[in-house]
Structure formats: C-alpha cells, structure tokens
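> Pasting a structure here, questions to come.
The values are calculated or read from the model by the stated rules, or taken from the named source; none is laboratory data. Given the structure is predicted, the values throughout are model-derived calculations rather than measurements. No Cβ is skipped: glycine too gets one built from the backbone with ideal geometry, and neighbour counts run over all protein chains shown. Just the protein is used for accessible areas: all its heavy atoms, side chains included, with ligands, DNA and RNA removed. Shrake-Rupley method; radii C 1.70, N 1.55, O 1.52, S 1.80 Å.
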Amino acid sequence: MDEKYDVMVVGGGAAGLSGALALSRARRSVLVVDDGAPRNARAGHVHNYLGREGVTSAELLAGGRAEVAGYGGQFRDGRVARAERVEDGFRVVLEDGGSVLARRLLVTTGLVDELPDIPGVAELFGSDVLHCPYCRGWEVRDQPVGILGGPFGAHQALMWRQWSADVTLFQHTGPALTDEELEQLAARGIPVVTGAVEGLELDRGRLAGVRLAGGAVVPRTALVVVPRFTARAGVLTSLGLETVPQEMNGNAVGSYVAADPAGATAVPGVWAAGNVADLRAQVISAAAAGLNTAAALNADLISEDVRLAVAARRLTAAHQFDEESWEERYRAQPAVWSGRPNAQLVAEASDLTPGSALDVGCGEGGDALWLAARGWEVTAVDFATAALERGAEQADALGADVAERIRWLHADVTGWAPDARFDLVSAQFMHLPGETRRALFARLAAAVAPGGTLLVVGHHPSDLETSAHRLHVPDMFFTAEEVADSLDGDQWDVLVTEARPRSAGDQARPRSAGDHEGAGITVRDAVLRARRRG
Ligand SMILES: Cc1cc2nc3c(=O)[nH]c(=O)nc-3n(C[C@H](O)[C@H](O)[C@H](O)COP(=O)(O)OP(=O)(O)OC[C@H]3O[C@@H](n4cnc5c(N)ncnc54)[C@H](O)[C@@H]3O)c2cc1C
C-alpha cells in the first residue's frame, strides 16, 4: 500500500521547509522528499536572512527540518522522478522505485544555475565566482572584482561598483557597449577589457586572475557571472505543466513554472513556491512564498474537506429513512440499541393501566418488551426485519408471557396507518422530514382509543446547539408544543409538553458510549403526553 499524506512537499529547501512547517502546524499530514542539493549549498553561508544573518545554509536547513519534525512533519531522502494524478490526489514516484500518495503537491524544487562554459567557473561557483551582490557583495567588498561580459555586462559592472571601487568589465563575448554605457563605466572608474575570457587562474584553490585568449592574466579575486536560471521543473512537467521562458530586456535569462500569487499552478492541486516559480527569490523570500503557498493550499484542502463533509452528510440524510440502510445497520452489529426501555416511556407510562399499545419505530424492541412485561398487549412496528427478529428472539428468551403479548409488524410507518385503536400509542425518536412526520403523528393520534394516551418523544431542537452530534437538519426536529398544537383541543387533554433535560448517558439509545449522543453533556427530550377524551 502507498503511504498517503495530505501534502507532499517535493524539495526541502527554504521554500519547501517553510511550507511544510506551516502545513504541519495546520495539522496536515506532510511528507517532505528532498535529494539534498539546495541551490546555495556551495555558498556556505546565508546572508540577508533577518534574524539569522550569516547562518550556514546547512544549519538553517537542519533547524528548519527539526522545526517541521517537531510538529509531526515527516521526511524522506530521495529524488522524485515524476507525479501523476490519481482519483483523489496524486501518486508521486521516487527514483528509488517507491511511491507516495498525496492529496496535494507543493513543489519547491528550486532552480539550476547553468554557468558559462569557462574552465574554473563551475569549480569556484559559490566561493569566488559569484552571481548575486546581495548574497556575496559584502564578503568581497573592496576586492578586485571582475565582471564577465554578456548582455548585462555594463549593468552588472555598475552595480558591483557599489561594493568595490576596483571593478573590471571583461567584454568577453558580450555585445558592443553603447556610448552611454562607456561613458557611465568611465565615470565610475570601471575599465573595460576586450577579448574573450579563456579560463581562470587559481592559487591554492582560490581565484587569482582571469586569463584572456592570448594568455594575458588580469589579477582578480572575485568574478561575477550571469548564469542561466533554469527551473528544476521535471516533477511539474510530468504533470503536464510547461516552463515559461524568463526574459530581461529582450534576453533569455532562464525559465520558471508559472504560478499565481498564491502559488497555485495551472494543474489543480499542484502548488509551487520558491525559485522553481520565481527565479528572483532569495532564501527569505522563498521561505515567505512557501508559507503563503502553504496557507492557500491549506485553504484549498479546507474547502475540499467541507465539500466532502457536505456530500457525506447529504448521503447520510438521504439514507436516514431508507429501509435498506437500516437493515444493513442492524445486520452489521449484534445490537444497535442497549435493550433498555426509553427513559421517557418509563417516566410517562409506568402509572398507566396496561391495555393495548402501539410502539412505532420499535427497533430491537426495548420499549415493546418492557411494556409487554408490564402486561400490555403490544403491536411493535418497524421497517427493519433484522431488528424485529432480534426483538422477537429477546421476547422468546423472556418467556411465553412476554412473547405472546407482542405482535411484531413489518411496515414502513411513513406510508402506514394503524388498523386498530390503542390505549397507548408511543412514538420515540421518530425523526422524519417535517411534512412526513406531521402526517405520521396525525395518523398516530387518530389511532389512540378514547381515554387512551399519545406519547411522542424526540430530540429537542436545542440539542442542535450542543456537542451531541445530531444530524443537523432542523426540519427533522420538533418540540412537544408543536405536536400539542396539531391536536384538536376539543378531543385532547395535553398533560405534558416539556423540553426535559437528560444526561446523555442515561438513555436507552444508542448502545455505544461517546457516540452521537455525546458524552457527559445534557441533552433535552421533547416530551408530549396527551389523553384523548373519553
Ligand atoms: C552560490 C549561491 C549563493 C547564494 N547565497 C544566498 C544568500 O546568501 N542569501 C539568499 O537569500 N539567497 C542566496 N542564494 C539564493 C538561494 O540559494 C535561493 O534563493 C534559495 O535556495 C531558494 O530556495 P528554494 O527552496 O526555492 O530552492 P532550493 O534551496 O534550491 O531547494 C530546492 C530543494 O529541492 C530539492 N530537489 C530538487 N529537485 C528534487 C526532486 N526531483 N526530488 C527531490 N528533491 C528535489 C533540492 O535538492 C533542494 O534541496 C544563493 C544562491 C547561490 C547559487
């Protein structure tokens, strides 16, 4: 079986860890898969990260991992090869052959700096070969800095002049400089060296100079290059997304995967943050993007959770009155109810003289058995045969005295009318849609013999404001007063209309503790007791 998470974060750099932290704190199950190659690994230190200035990148990431793990986020070392959509999310396949399921993907795989193909440049990138003055400008301040010319040569040289007065622009293969650029460079004291750069001169592993075609070496301890910034987009392209070329002043500088300001890509459920979606992001801004994207992603999951809950609730509501579902519910467990009579039946019927009784929606017969044991001749009606059979077995077990006094009747009370009149008609917790319920109660009232008792009990609507997990369909709840109002005042004496408090534990139903009755709280029963005048 694949493991399944709410969110899989692909790439555990600044953006991924920050997103994972927010998502773990949002109580999402999160897996971060990372192959351990953050873009700035070779730089050693991270600058311009407020509060952590100069921290090593390894320390920052280790701290981030520990923070994520502290909130339950999980990690896996490895490289994600591709991802595919499955019914309720994504399957992510790792290069080691493993796969993981996740409802959402947060892709934070960063970018690759594609460097000019000049011997020595790749080796020194991150130490003496630089690309970003905000990352390393301070560290090479006042040193002899070279700028490798290209489309942005003059621009770069003028910028780095802010950090050192000793800046040289190597024209290399860059376009011819305009008169305006030459004037600006001259004004800022930046010499321009023509000719292609062939290689770097190293001294004990550090940059010593820039070697030109022809062999001349210009002493420099730092060289600035402009890499091509290519999004590490393999996981995203495997999902059908495409990279977008990034241009600057008409020159291609790299590629990224488009995401909206909240981090959503064009593939629903797939989010992206950090350098993969924004080539300019620094560590702190990649982390911020990870956080913002995580919040939007979590909001998306919350919407889905609500949609699913509504669908489940509608399904439950749709099956609430469905014979087959009740049948299934009874057959699935040895007993659904406790077997005890309902508290309000005991409270209201104990003082009645036994006669004939109708118990509608009798379930497994707790009330019918109690009535029969007290001498009532009971007709017990339900549409679940499994429940009726269980009731009959119980009756047999109690002895012929009880068993012979109960007639178990299979009928759907929503379309059924009693064929006789009874001294007691009891309807306990018949929660039906308003119209159907009112029609049933009218039929039940009509079935009460002169001098007989109508006892209607239900969950009071105020229960909906408690933590007792009632199905929140207000139309299915009623007060005793509403039932009383439906009775003809000339024919009935209403003896009890109450919202009677009851501790959730002390009722016949349901059987299991801590279920939808709610544990340790007070609920109210709507109790109507009325007597038909003789
Ligand atoms: C030399 C250098 C120095 C820098 N110095 C600074 C600085 O001082 N301050 C600053 O703010 N910024 C600096 N930066 C920029 C900084 O590196 C980025 O801003 C930052 O790394 C972006 O974070 P990210 O999370 O988007 O990507 P990354 O940090 O690159 O993290 C991406 C992660 O995803 C993983 N990954 C990629 N593909 C997969 C895959 N398929 N499966 C699993 N894992 C995958 C990678 O291994 C990596 O760990 C520097 C950059 C460079 C090149």
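> Round to a whole number: what % of the accessible area of the range 116-226 belongs to carbon and sulfur, probe 1.4 Å? Don't skip to the end; give the middle numbers.
Details: 2820 of 5310 Å².
The value for the range 116-226 is 53 percent carbon and sulfur by accessible area.
> Quick check: pseudo-label points 7 Å beyond the Cα along Cα→Cβ at residue 196 and residue 503, how many nm apart are they?
9.2 nm
> Please state, rounded to one decimal and in Å, the Kirkwood hydrodynamic radius that the range 116-226 gives when every pair of distinct Cα atoms enters the mean of 1/r.
Working: mean 1/r = 0.0734 Å⁻¹.
Hydrodynamic radius (Kirkwood, Cα pairs) of the range 116-226 is 13.6 Å.
> While we're looking at this one, here's another question. State to the nearest 20 debye the size of the charge dipole of the range 326-532 about its Cα centre, where the only charges are +1 on K and R beta carbons and -1 on D and E beta carbons. Walk me through the intermediate numbers first.
Working: 20 positive and 32 negative charges, 37 e Å.
My answer is approximately 180 debye.
> Between the range 250-321 and the range 151-221, what's the alpha-carbon centroid distance in Å?
If you average the Cα positions of each part, the centres end up 43 Å apart.
> Any chance you could give the angle, 0 to 90 degrees and rounded to 10, that helix 385-398 forms with the longest Cα principal axis of the chain?
Once rounded, the angle reads 50 degrees.
> Skip the ligands, DNA and RNA, and give the accessible area per residue of the chain with a 1.4 Å probe, whole Å². Please report the intermediate quantities before stating the final value.
Working: 24720 Å² over 534 residues.
Per residue, the chain has an accessible area of 46 Å².
> Can you tell which of 144, 255, 386 lies farthest toward the positive end of the dipole of the chain, using +1 and -1 charges on the Cβ of basic and acidic side chains (Lys, Arg; Asp, Glu)?
The one lying farthest along the dipole's positive direction is 144.
> Which peptide among 433-442, 148-157, 285-294 comes first, and what is the full order, when sorted by highest mean count of other Cβ atoms within 10 Å?
Working: 433-442: 16.0, 148-157: 21.3, 285-294: 24.0.
Highest mean packing first, the order is 285-294, 148-157, 433-442.
> Where Rh is the Kirkwood radius over the Cα pairs of the range 326-532, the temperature 25 °C and the viscosity 0.890 mPa s, what D in µm²/s does Stokes-Einstein return?
On the way: Rh = 17.1 Å.
Answer from the Stokes-Einstein relation: 144 µm²/s.
> With each label point set 7 Å from Cα along the Cα-Cβ vector, what nm distance links residue 324 and residue 346?
3.8 nm
> Something else now. Quick one: Cα convex hull volume of the range 203-356, Å³ per residue? Could you put the intermediate results ahead of the total?
Details: hull volume 45.7 nm³, N = 154.
In the range 203-356, the Cα convex hull volume per residue is 297 Å³.
> Run the 1.4 Å probe and let me know the accessible area of residue 100, rounded to the nearest 10 Å².
Counting only protein heavy atoms, residue 100 exposes about 0 Å² to solvent.
> Enter the mean projected area of the convex hull around the alpha-carbon atoms of the chain, in nm², rounded to one decimal.
For the Cα atoms of the chain, the hull's average projected area reads 34.4 nm².
> Let me ask something additional. If a cysteine in the chain has no other Cys Cβ under 4.7 Å from its own Cβ, put it on the list, ordered by number.
362
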